[in-house]
């Protein structure tokens with residue numbers, strides 16, 4: 001275990017907290033399990049992974065993933081982890097990764113709306129806009145010279161891994177950016193508080209680049225003059241203005257809605273989205289399985305027993321992930337076709353939730369707390385597991401702070417709630433999570449909650465979501481009590 005801040009690897013990583021050193025080495029720090037996992041899954045060149053002893057045990061799946069990719073894993077003392085991170089309470093994992101930005105000419109002019117950030121100085125805002133760009137299927141984000149460094153540790157954390165999904169251009173002049181994109185046929189729109197048209201009335205369905213300005217001052221008159229039109233987010237209430245990241249998210253999602261055309265309504269279209277979403281969800285574990293098995297087959301005689309064990313455990317973990325997605329896909333098809341058959345039995349929800357927590361603990365690094373009282377409900381055990389896993393995964397993806405909490409409550413309709421602090425979406429966006437989503441609509445399972453709600457209703461219960469005054473994202477599953485009359 002590394003205990004000295006003067007260790008060569010530690011010192012090389014710690015210097016990356018300074019922008020000048022990042023630019024010189026073309027490397028940056030990725031803090032937290034979510035960002036590190038996305039970096040590894042995307043194929044980004046990860047040079048080193050640092051974990052504390054406590055985190056190494058919790059992060060076994062992540063550590064397996066790194067080692068299978070040939071990334072050196074270093075165990076460090078907690079105080080060394082504090083030396084490497086810029087957070088008050090480090091998650092216990094930091095990676096060193098190579099720069100991922102691309103050249104302007106590498107942006108796909110027809111790949112979705114492009115966001116241009118001008119004098120955006122707050123790293124949290126910048127990271128959140130990039131995350132929204134990912135969730136809305138945007139074509140890229142341009143960080144002009146006057147904006148914050150996208151590799152700032154706080155900005156990287158705020159992207160929640162989306163930095164590794166969306167093409168990013170950095171260091172360009174505003175005028176040169178606008179000229180280059182206009183020459184490729186994009187319309188240029190400026191988002192301003194007093195825009196000429198509401199974003200909902202403007203035509204954003206064509207290939208478009210949207211300019212977003214400084215948090216306090218907005219866009220200068222010179223920058224506004226570069227645009228073909230200006231748009232605003234209408235405010236109906238008494239709020240003076242919207243946070244920049246919130247306004248940018250609204251604009252990007254409205255552009256995505258207009259580009260996608262009318263929402264599909266037929267069962268065939270819905271099934272197509274389910275299949276596409278499930279196929280997307282299964283790509284990551286399938287790629288990991290291929291990597292593990294390929295290494296085992298080609299290097300078996302050169303691997304030590306411990307290395308073989310690590311990879312076999314990795315195969316088991318990824319196989320479990322694939323099993324979950326496949327079961328969701330099968331149940332989705334049965335729900336749509338009306339052929340779902342349940343095998344309900346009296347189940348202690350608290351004990352069953354503890355079993356799910358134990359199962360997830362074998363490979364998932366995130367903290368999961370289960371509490372409450374004994375509550376016996378009538379539910380299909382396998383389907384109960386599927387519903388809880390979908391709720392936990394969504395809480396982890398769409399809220400940002402602290403442990404995921406599972407609480408069981410008895411009563412005439414026993415309930416199980418899954419919640420986490422700091423929701424990353426609003427109430428309306430949360431409701432849309434129950435519809436099967438296209439592959440380019442952010443993180444998390446694309447069909448898990450759709451299936452979970454269908455299963456809950458098939459049992460005679462329900463599944464709802466609530467955003468508690470912006471403080472907690474909460475999914476609540478209600479089920480019939482064990483002594484209730486079964487549904488025919």
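So here's what we get for this one:
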{"item": "Wholly within region 374-468, helices (runs of 4 or more DSSP H) carrying at least 3 residues that are modelled with pLDDT of 90 or more and out of contact with any strand residue (DSSP E or B) (no Cβ under 7 Å at 6 or more places or on another chain)", "result": "381-398, 448-458"}
{"item": "Of residues in region 372-392 being closer than 19 Å to residue 323 by Cβ and surrounded by fewer than 23 Cβ atoms within 10 Å (Cβ to Cβ), the one nearest to the chain's Cα centre (by Cα)", "result": "389"}
{"item": "Exclusive hit being surrounded by fewer than 24 Cβ atoms within 10 Å (Cβ to Cβ) and closer than 21 Å to residue 256 by Cα, set 171, 161", "result": "161"}
{"item": "Residue within region 17-35 that is in contact (Cβ under 8 Å) with a residue 24 or more places away in the chain, loosely packed, with under 15 Cβ neighbours inside 10 Å and farther than 22 Å from residue 367 by Cα present", "result": "yes"}
{"item": "Among the residues listed as 84, 49, the single one being surrounded by 18 or more Cβ atoms within 10 Å (Cβ to Cβ), over 21 Å from residue 288 (Cβ atoms) and touching a helix residue (DSSP H, G or I) at 6+ places or on another chain (Cβ under 6 Å)", "result": "84"}
{"item": "Residue satisfying all of: in region 335-368; out of contact with any strand residue (DSSP E or B) (no Cβ under 8 Å at 6 or more places or on another chain), more than 17 Å from residue 379 (Cα to Cα) and surrounded by fewer than 16 Cβ atoms within 10 Å (Cβ to Cβ); modelled with the highest pLDDT among these", "result": "358"}
{"item": "Any hit, region 61-79, residues being modelled with pLDDT of 90 or more, surrounded by fewer than 18 Cβ atoms within 10 Å (Cβ to Cβ) and within 21 Å of residue 402 (Cα to Cα)", "result": "yes"}
{"item": "Every pair of residues 6+ apart whose Cβ atoms lie under 8 Å, when the first sits in region 102-116 and is in the same structural domain as residue 210 (by TED's automatic domain parsing) and more than 21 Å from residue 227 (Cβ to Cβ) while the second is assigned to a helix (DSSP H, G or I) and modelled with pLDDT under 90", "result": "none"}
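The values are calculated or read from the model by the stated rules, or taken from the named source; none is laboratory data. The structure presented is a predicted model; accordingly, all values stated were derived computationally and were not measured. We place every Cβ from the backbone using ideal geometry, glycine too, and count neighbours over all the protein chains shown.
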